[in-house]
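These notes are about the structure you will find just below.
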Amino acid sequence: MSFMVLTLVVGFSVAVLAAPAVGVLCKHLQIVDRPDGHRKLHSTIVPLTGGPTLLISILCAVAAGIAWQPDALAATRGDAWFLLCLSIATAVLVTVGMLDDRFGLRGRQKLAGQFIAAVIMVPSGIEIQSVTIFGEPVSLGVFSICFTVFWILGAINALNLIDGVDGLASTTGIVLSLSIAAVTFLQQGRNDGLLIALALAGALSGFLVYNFPPARMFLGDSGSMLIGLVLGTVALKCSVKQYTAVALIMPTAIWAIPIFDVAMAIVRRRLTGRSIYATDRGHLHHCLQRRGHTGGRLLLVVGTLCAITGMGAIASAFFENDIYAIASVITALSLLVVSRSFGHTEMTLMARRFRRVTVSMFTRRRHGDTMHHEQIRLQGHHEWALLWDALMHASVTQGLHFVELTINMPSAGEFYHATYRNSHNVDAHELWRCELPLIIDNFVIGHIRVEDSARGQFTEWLADLSRNLEPVQATLHTLLAPLRRKPNPAPVSPSATLALLPERVGT
């Protein structure tokens, strides 16, 4: 027990002492987060110190724990190899994260770095060769490596995406790491996983001194990805039985809240026609903020939700029954959805899509009928329906096959999505496609996508579309006037403030 307490204390102390020095270095190297008034709404430049601080703190804490009790790792084989692989993988990931924090890497470049870190961890003793669900083993066979890498990548990005509010990822990481440590202790699991979980909890607690709102330091991608990698791999390590079978329900329960946040983000973006890498203010913490939960209160709410699922996993480990973990997850997620705090809109989108697909399977499409026409407001209160009415009028006049309107203004807390599809029997290769970005003050705040069957010359078709969209542009300019970033702007012409320009045109 003494080496556990020592690990926690050393992790906390080193983080408290190291963070200011790392902060000075990050400012010198320009590894900082600058406000932009659009997505990054903090008021001052903040150093991104999480990755180096946590890595140093974890290494020192684990080394102190092993030095205090040298035989702590003697009970299990392969622990030293696991620690070596994890050290290399975290070093790779922190390097990628710092490069992204400094220069801004492309999504595929970050994913490549995450993939390398995940592959490094596969031979460390956590390869998921089979899983046990309610005591029944399910062999993964040739998919074992893919499943392991997918789990680690999911863990990395879950924490990366939830890091949008001061102290949130740190608080979530503390609760998850303590839950993993408790499950490992109750199952008399592997001491290496226990040491790392406690070291991370201590390091995050120390970093939270500077990351608590209003934050003086941010985790950055290097810090949030490191937390995800460490927690994801340790959760597997502590759930492995004889290095082959993994009791998957308990680690999944511990991760339930971040997993749910990621899943809803994917649903929200895909069903509104956007890339899953697109940014918005629809994450769990954004939704809770709009309900009045800010600062320490927001951290308490999310921490409590994570604690509910973590306690369920701990109860499952203690009573050796997976039902407790499942019940805790259902309870936490139901609280969010039923109260409409988070997830209700995404569930509505899925229900509408499911209903539309089901109806299309059992009905015959008739020429001229409207197959799909819907609007949904994900966030905000602005009267975007006026814009949609103007666009619909233009669509009917033009006889368009498909129209989609998306407004995404994170700084104003506005997200609106509407689609219309006419049931003309037209093959995809016979359609014109055009995407029109909506731009104000040099920020893209949404887009209009249109499709129509090929008729006449392309230039004639585009000229007709432009004429019909002129009233839409006037309506959009009127709606955006109160939402401009600059207060009380001087009257200027619409063409000087708003651009409605073709971005991609093709077949």
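Within region 252-282, the set of residues being hydrophobic (A, V, I, L, M, F, W, C), over 27 Å from Val230 (Cβ atoms) and under 13 Å from the mean Cα position of the chain (by Cα) comprises Val267, Ala278.
For region 134-160, residues that are in contact with a strand residue (DSSP E or B) (Cβ under 7 Å, 6 or more places away or on another chain) and assigned to a helix (DSSP H, G or I) total 0. Checking Ala112, Ala203 one by one, the residue that is surrounded by 24 or more Cβ atoms within 10 Å (Cβ to Cβ), part of a helix (DSSP H, G or I) and assigned by TED's automatic domain parsing to the domain that holds Val96 is Ala203 and no other.
Just one of the listed residues (Ile152, Ile156, Ile126) is in contact with a Lys or Arg (Cβ under 8 Å, 6 or more places away or on another chain) and closer than 18 Å to Ile254 by Cβ, namely Ile126.
Here Val472 meets each of (1) at pLDDT 65 or above; (2) over 26 Å from Arg352 (Cα atoms); (3) surrounded by fewer than 19 Cβ atoms within 10 Å (Cβ to Cβ) with one exception, condition (3). One residue stands out in region 336-358 among those that are out of contact with any helix residue (DSSP H, G or I) (no Cβ under 9 Å at 6 or more places or on another chain) and hydroxyl-bearing (Ser, Thr, Tyr): the one that is farthest from Gly380 (Cα to Cα), namely Thr358.
Within region 192-209, the set of residues being within 23 Å of the chain's Cα centre (by Cα) and at pLDDT 95 or above comprises Leu200, Ala201, Ala203, Leu204, Ser205, Phe207, Leu208. For the residues Ile407, Ile445, Ile440, the requirement of being surrounded by 14 or more Cβ atoms within 10 Å (Cβ to Cβ), within 30 Å of Gly164 (Cα to Cα), touching a Leu at 6+ places or on another chain (Cβ under 8 Å) and modelled with pLDDT under 80 singles out Ile440. Count, please, the residues in region 283-301 that happen to be outside any loop (DSSP other than H, G, I, E, B) and under 16 Å from the mean Cα position of the chain (by Cα). Residues flagged as outside any loop (DSSP other than H, G, I, E, B) and under 16 Å from the mean Cα position of the chain (by Cα) within region 283-301 amount to 5. Evaluation of Pro123 against the conditions (1) surrounded by fewer than 24 Cβ atoms within 10 Å (Cβ to Cβ); (2) more than 19 Å from Cys238 (Cβ to Cβ) shows that the sole unmet condition is (2).
Of all residues in region 1-39, those satisfying the criterion of being at pLDDT below 90 and loosely packed, with under 13 Cβ neighbours inside 10 Å are Met1, Ser2, Arg34, Asp36, Gly37. Restricting region 353-372 to residues that are assigned to a helix (DSSP H, G or I) and surrounded by 10 or more Cβ atoms within 10 Å (Cβ to Cβ), the residue that is modelled with the lowest pLDDT is Ser360.
The condition (being in contact (Cβ under 8 Å) with a residue 60 or more places away in the chain, out of contact with any Gly (no Cβ under 8 Å at 6 or more places or on another chain), more than 17 Å from Tyr277 (Cβ to Cβ) and not aromatic (Phe, Trp, Tyr)) is satisfied by just one residue among Leu93, Leu86: Leu86.
The values are calculated or read from the model by the stated rules, or taken from the named source; none is laboratory data. Predicted model, so just to flag it, every value in this text is computed and none were measured. Note: ideal-geometry Cβ built from the backbone for every residue, glycine included; neighbour counts use all protein chains shown.
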